[in-house]
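Chemist: Let me begin by handing over the structure; questions about it come next.
The values are calculated or read from the model by the stated rules, or taken from the named source; none is laboratory data. Here the structure is a predicted model, which is why all the values come from computation and not from measurement. All Cβ positions, even for glycine, are placed from backbone atoms using ideal geometry, and neighbour counts span all protein chains on display.
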Amino acid sequence: MSVMENNATPSRSGIGVLVDRFPFLPALLILVVLVALNGYFQPNSLGFRAITGLISTYLALMMLAVAQTYVVYAGDVDLSVGAILSLVNCVIIVLMERWGGGGFAVLGACAIGIIVGVACGCLNGVVVAVLRLQAIVATFATSIFFTGLALYVLPVAGTPAPALYWRTYGGRFLEIPFVFYVVAALAIVLIIATKARLTTEMLAVGDDAQKAFQGGLPVTAIRLKGYVLCGLFSVLAALCITGDTASGDPLVGGAMTLYSVAAVVLGGTALSGGRGSVTGSVIGALIIGLISSLVFYVGTPSQWQNLVQGLAILVALMLGVMVTRRVGA
């Protein structure tokens, strides 16, 4: 929520004030409708097993949407998140294979992957926040660079992940799927992060960077931290997609960059910065996943599925924007 939104005027409707406070509400409404439609066309889609599969498949996109949100808060954008995901995926796969695939190999490779992803986020932050290049151009350039590194590390897709890794990701503990523990941990982290001072500072910078600077905020450092956080959550996305696909692919994150931006917008976060929530971005990622499932359940021919899915996402975006504007009027 924007730091300027707390001063809502009394003339605003109660619903308008509520949407200002919780900008993800229109997305939540769309999510409920999509759940109902999926249940109508495929009743089994509401079963525990199907929901587990949905979360397992789209958990990486949820992480990537959160990553994107932290730079969008400050009015920036990161077109390299998918490339960072691909690079980390390749790095950890190659290291786990070379180190034998045991427990220590998996942990060591994941630790190196975290360092790589944070370093990529730091590089983006330096280029955008410190050197003051346009974010959309700079991160597009670094995405090409990171993709090149991924192809150097793993030229051909298909190297399998150790069984220990993908069995853990797809396994159960105390009869509860592992991915639900990941979701619970993500929820706790985001609740804490939402109340953190850094989040408020990012929103202040996105709302008005000049005013934030005049108010004594270290704008450059705040934007840099946003990119570092983006790199960190891109690593988490890479760990998730590696567990889901059980293999390495230097191009696996290619399409996910724009999906992450779409999820952020679907969740009610303004690309101009200063307004939004990570909760909305997670909901936006789930919306994209449910749209994909619905397109399949209604029996759309394979050659038309991408077209129909794209149109459905566009409609969802327009509905979310229209609802937000109407209740905010």
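Chemist: Just name the residue that is surrounded by the most Cβ atoms within 10 Å (Cβ to Cβ) out of those in region 239-287 that are among the β-branched types (Val, Ile, Thr) and in a loop (DSSP other than H, G, I, E, B).
Modeler: Thr269
Chemist: Also, quick follow-up: For region 289-296, state whether one or more residues are out of contact with any Gly (no Cβ under 6 Å at 6 or more places or on another chain), modelled with pLDDT under 90, part of a helix (DSSP H, G or I) and among the aromatic types (Phe, Trp, Tyr).
Modeler: Yes, some residue in region 289-296 is out of contact with any Gly (no Cβ under 6 Å at 6 or more places or on another chain), modelled with pLDDT under 90, part of a helix (DSSP H, G or I) and among the aromatic types (Phe, Trp, Tyr).
Chemist: Output the residues belonging to region 101-134 that are surrounded by fewer than 16 Cβ atoms within 10 Å (Cβ to Cβ), touching a residue at least 24 places away in the same chain (Cβ under 8 Å) and over 26 Å from Val77 (Cα atoms).
Modeler: Matches in region 101-134: Gly102, Gly103.
Let's see how each residue does on (1) acidic (Asp, Glu); (2) surrounded by fewer than 17 Cβ atoms within 10 Å (Cβ to Cβ); (3) at pLDDT below 90; (4) in contact with a Leu (Cβ under 6 Å, 6 or more places away or on another chain):
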| site | (1), (2), (3), (4) |
| --- | --- |
| Leu18 | no, yes, yes, no |
| Pro23 | no, no, yes, no |
| Ala27 | no, no, yes, yes |
| Leu59 | no, no, no, no |
| Tyr73 | no, no, no, yes |
| Asp76 | yes, no, no, no |
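Chemist: Take region 278-315 and flag every residue that is of a type in the set (Gly, Ala, Ser), touching a residue at least 40 places away in the same chain (Cβ under 8 Å) and over 19 Å from Leu54 (Cβ atoms).
Modeler: Of everything in region 278-315, nothing turns out to be of a type in the set (Gly, Ala, Ser), touching a residue at least 40 places away in the same chain (Cβ under 8 Å) and over 19 Å from Leu54 (Cβ atoms).
Chemist: Which of the numbered conditions does Val321 fail, given that it passes all the others? Conditions: (1) modelled with pLDDT of 90 or more; (2) β-branched (Val, Ile, Thr); (3) outside any loop (DSSP other than H, G, I, E, B).
Modeler: Answer for Val321: the failing condition is (1).
Chemist: So is Thr220 out of contact with any helix residue (DSSP H, G or I) (no Cβ under 8 Å at 6 or more places or on another chain), hydroxyl-bearing (Ser, Thr, Tyr) and surrounded by fewer than 19 Cβ atoms within 10 Å (Cβ to Cβ) or not?
Modeler: Taking the combined requirement at face value, the residue does not satisfy it.
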